[in-house]
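Attaching a single structure in structure tokens format; questions to follow.
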Amino acid sequence: MTENHENSGQQDDLEIQALLKDLPAPEADAGFYEQALARATLQGARRQRTRWVLAGFGGAVAAGLAVWLIGGMLLNGPQLPDTGASIPEVTMALEEPRTVNLVFSATEAMTHATLTLSLPAGVELAGFPGQSEITWETRLNAGRNLLPLKLIALTPAGGELLATLEHDDRNREFRLRVDVT
Amino acid sequence: MSRAEQNLAFERLVRPHFDRLYRLAWRLAGSKAEAEDLFQELLIKAYGKIDELAHIEQPGPWLSRVMHNLFIDEKRRFTRQRMHTVEEAQLGDDGVAGLAASGAAADDPVANQQQLERVQHLEKALAQLSDDHRIVVLLHDNEGYKLTEIQELTGVAVGTVKSRLHRARARLREILTADGTLS
């Protein structure tokens, strides 16, 4: 490497450091700390009483707007029946993002699982504008696996969200009723 | 101690560190939603360890380490990086949004727009780094952590931290040169 090249690199490093230094510092939304404290003391106390541990990050999510879909899965058979429980519901405000947490309880680790998300009309997954069906490959660990989905309702229609998890010849469906106000 | 007294004691222990912890959560997680969840989970965990926390001389580093461990545990347990990488890269807001309304260039729309674009390019470039590299370069070059503080936080040797820092800057240089942000 030539000296000029080194000097150029050092100059770029300084420029990059200056850029990084000017990166805006993230600030919490007003009231977030108070909400987080309130949830912590409430849930912490509950945990102390019950020693029940919630899964993952999701003790609460942004602005407390979380819905949990929890399903046991992959026990036997190619198509597991629904659990029989009523379909959970979430009410969203128009054009206000809301996080829905999918929690998959897997009895064993699974590589190359496929998750397909079918969204109701007028509801989008943040970052995937205009896509009503999104499929990607994922890996699940044994135990609880969490996938937060930030949804945005662009029309008041609402409908049913369907998440289908497939692995080998087995699959499981999770449904969520989405109402928009 | 009553529940109310315990809650008050907990708040006195943790609140002084909120801003730094929140920024750390953001730098670790890379997105606002995950940062808030991580921050929340830290508080819940810390509340369960209030007796231990009360006897720690410097709660800040302890809380930071717990947060980092939560982040690592979560990474091991869940595979959702792809979703969030795409989401954050495409949305391109959160960390950038406040810039236009503040900052030294606020009176100069052209300069402000240029700076905003540079920041957006930088954030996209950061999103292309591995977590290990992104976290080190952000903590060191943006948050002002010393190498030894990063070592203490991550449990990685200083030499490795230095190496990651160097490689992260080099990769950023490549990306930002390719997209024209750096000449």
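The values are calculated or read from the model by the stated rules, or taken from the named source; none is laboratory data. Note that the structure is predicted; figures quoted are calculated from it, not measured. Every residue, glycine as well, gets a Cβ built from its backbone with ideal geometry; the counts of neighbours run over all protein chains shown.
Is it the case that some residue within the range B:175-183 is of a type in the set (D, E, K, R) and either closer than 25 Å to residue B:20 by Cα or without any contact (Cβ under 8 Å) to a residue 12 or more places away in the chain (or both)?
Within the range B:175-183, none of the residues are of a type in the set (D, E, K, R) and either closer than 25 Å to residue B:20 by Cα or without any contact (Cβ under 8 Å) to a residue 12 or more places away in the chain (or both).
Looking at the range B:13-27, which of its residues are within 8 Å of the chain's Cα centre (by Cα) and under 20 Å from residue B:73 (Cβ atoms)?
Within the range B:13-27, B:22, B:24, B:25, B:26, B:27 qualify.
I would also like to ask the following. Taking only the range B:12-34 into account, find how many residues are more than 15 Å from residue B:58 (Cα to Cα) and either more than 7 Å from chain A (Cβ to nearest Cβ) or charged (D, E, K, R) (or both).
11
When residues of the range B:132-183 are filtered for being more than 22 Å from residue B:31 (Cα to Cα) and either more than 9 Å from every other protein chain (Cβ to nearest Cβ) or small (Gly, Ala, Ser) (or both), how many remain?
22
OK, next. Mind counting the residues in the range B:1-34 that are aliphatic (A, V, I, L, M), part of a helix (DSSP H, G or I), modelled with pLDDT under 90 and surrounded by fewer than 18 Cβ atoms within 10 Å (Cβ to Cβ)?
1
Quick one: in the range A:31-42, of everything that is more than 7 Å from chain B (Cβ to nearest Cβ) and part of a helix (DSSP H, G or I), which residue is modelled with the lowest pLDDT?
The selected residue is A:42.
Taking residue A:145 as the residue in question, decide whether it is buried (at least 19 other Cβ atoms within 10 Å of the Cβ) and either within 11 Å of residue A:161 (Cβ to Cβ) or at pLDDT below 70 (or both).
In short, yes.
Something else: Please verify whether the range B:28-35 includes one or more residues that are under 9 Å from the mean Cα position of the chain (by Cα) and without any contact (Cβ under 8 Å) to a residue 24 or more places away in the chain.
So far as the range B:28-35 goes, yes, one or more of its residues are under 9 Å from the mean Cα position of the chain (by Cα) and without any contact (Cβ under 8 Å) to a residue 24 or more places away in the chain.
Confirm whether residue A:28 is within 21 Å of residue B:27 (Cβ to Cβ), at the interface with chain B (Cβ under 7 Å from one of its Cβ atoms) and modelled with pLDDT of 85 or more.
Spelling it out, residue A:28 is indeed within 21 Å of residue B:27 (Cβ to Cβ), at the interface with chain B (Cβ under 7 Å from one of its Cβ atoms) and modelled with pLDDT of 85 or more.
Taking only the range A:94-111 into account, find how many residues are modelled with pLDDT of 75 or more and surrounded by fewer than 13 Cβ atoms within 10 Å (Cβ to Cβ).
Final tally of qualifying residues: 2.
Do you know which residues across the range B:144-159 are farther than 19 Å from residue A:21 by Cα, touching a His at 6+ places or on another chain (Cβ under 9 Å) and not hydrophobic (A, V, I, L, M, F, W, C)?
Listed by number, the residues that qualify are B:154, B:155.
Which of the residues belonging to the range A:166-181 are part of a strand (DSSP E or B) and modelled with pLDDT of 80 or more?
A:166, A:175, A:176, A:177, A:178, A:179, A:180
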